[in-house]
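Beneath this line is the structure, given in structure tokens, with notes to follow.
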């Protein structure tokens, strides 16, 4: 994995503060588990109310944590005063999301001037067993001169 240097020395607190404002993460019970330049992990415990008809974690939920992990991995490399939006992602569901804990991971593979490409995945953990249930690529766009947070007014 390539090592990146953050352009914002406060990258970790910036990512954590932004994550705390994502009400969807609170709704599903996800937590920001790990942040480093260009890499983020989001952890989610199994909840029956987040399952689909076969009692697997719903793909919409796994995709949600994967999208945020990739976006925050990219955001960790962006300068102060900028913000981020996902512009595209493509996922493959590799296995049913069956587990006790789910880890969404984002790893930046290309940090451009405005566009960032990240690998995203979700690992389902049950005891010592880990299965990758989602893999994909995400493109995120840096919004310059637009601080992270709700729009004014």
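The values are calculated or read from the model by the stated rules, or taken from the named source; none is laboratory data. What you see is a predicted model; the values in this text were computed from it and never measured. Please note: Cβ atoms are built from the backbone with ideal geometry, for glycine as well, and neighbour counts cover all protein chains shown.
Go through the residues of the stretch 49-56 one by one and say whether even a single one is more than 21 Å from residue 94 (Cα to Cα) and modelled with pLDDT of 95 or more.
At the first step, the residues of the stretch 49-56 found to be more than 21 Å from residue 94 (Cα to Cα) are 49.
Subsequent filtering for residues that are modelled with pLDDT of 95 or more retains 49.
So far as the stretch 49-56 goes, yes, one or more of its residues are more than 21 Å from residue 94 (Cα to Cα) and modelled with pLDDT of 95 or more.
State all residues of the stretch 43-52 that are in a loop (DSSP other than H, G, I, E, B) and in contact with a strand residue (DSSP E or B) (Cβ under 7 Å, 6 or more places away or on another chain); if no residue qualifies, say none. Outline the logic, then answer.
Taking the stretch 43-52 first, the residues in a loop (DSSP other than H, G, I, E, B) are 46-47, 52.
Selection gives 46 alone.
No other residue among 140, 73, 97 is surrounded by 21 or more Cβ atoms within 10 Å (Cβ to Cβ), in contact with a strand residue (DSSP E or B) (Cβ under 6 Å, 6 or more places away or on another chain) and closer than 19 Å to residue 10 by Cα apart from 73. Residue check: residue 16 meets all listed conditions (1) surrounded by fewer than 22 Cβ atoms within 10 Å (Cβ to Cβ); (2) over 14 Å from the mean Cα position of the chain (by Cα) but one, namely (2). The single condition among (1) in contact (Cβ under 8 Å) with a residue 60 or more places away in the chain; (2) over 16 Å from residue 36 (Cα atoms); (3) surrounded by 12 or more Cβ atoms within 10 Å (Cβ to Cβ) that residue 149 does not meet is (3). Go through (1) in contact with a helix residue (DSSP H, G or I) (Cβ under 8 Å, 6 or more places away or on another chain); (2) part of a helix (DSSP H, G or I); (3) closer than 18 Å to residue 148 by Cβ and name the single condition residue 61 misses. It is condition (3) that residue 61 fails.
Could you tell me whether the stretch 13-35 includes any residue that is under 21 Å from residue 121 (Cβ atoms) and without any contact (Cβ under 8 Å) to a residue 12 or more places away in the chain? Checking the stretch 13-35: at least one residue is under 21 Å from residue 121 (Cβ atoms) and without any contact (Cβ under 8 Å) to a residue 12 or more places away in the chain. With respect to the conditions (1) touching a strand residue (DSSP E or B) at 6+ places or on another chain (Cβ under 8 Å); (2) at pLDDT 95 or above; (3) under 20 Å from residue 15 (Cβ atoms), residue 59 lacks only one, and its number is (3). Residue 50 passes every criterion in (1) without any contact (Cβ under 8 Å) to a residue 24 or more places away in the chain; (2) at positive phi; (3) in contact with a helix residue (DSSP H, G or I) (Cβ under 6 Å, 6 or more places away or on another chain) apart from (2). I need the full set of residues from the stretch 25-42 which are over 12 Å from the mean Cα position of the chain (by Cα) and part of a helix (DSSP H, G or I), in order please. If the condition is that a residue be over 12 Å from the mean Cα position of the chain (by Cα) and part of a helix (DSSP H, G or I), then 26, 27, 28 are the ones that fit.
Of all the listed residues (67, 55, 8), the sole one being part of a loop (DSSP other than H, G, I, E, B) and crowded, with 18+ Cβ neighbours inside 10 Å is 8.
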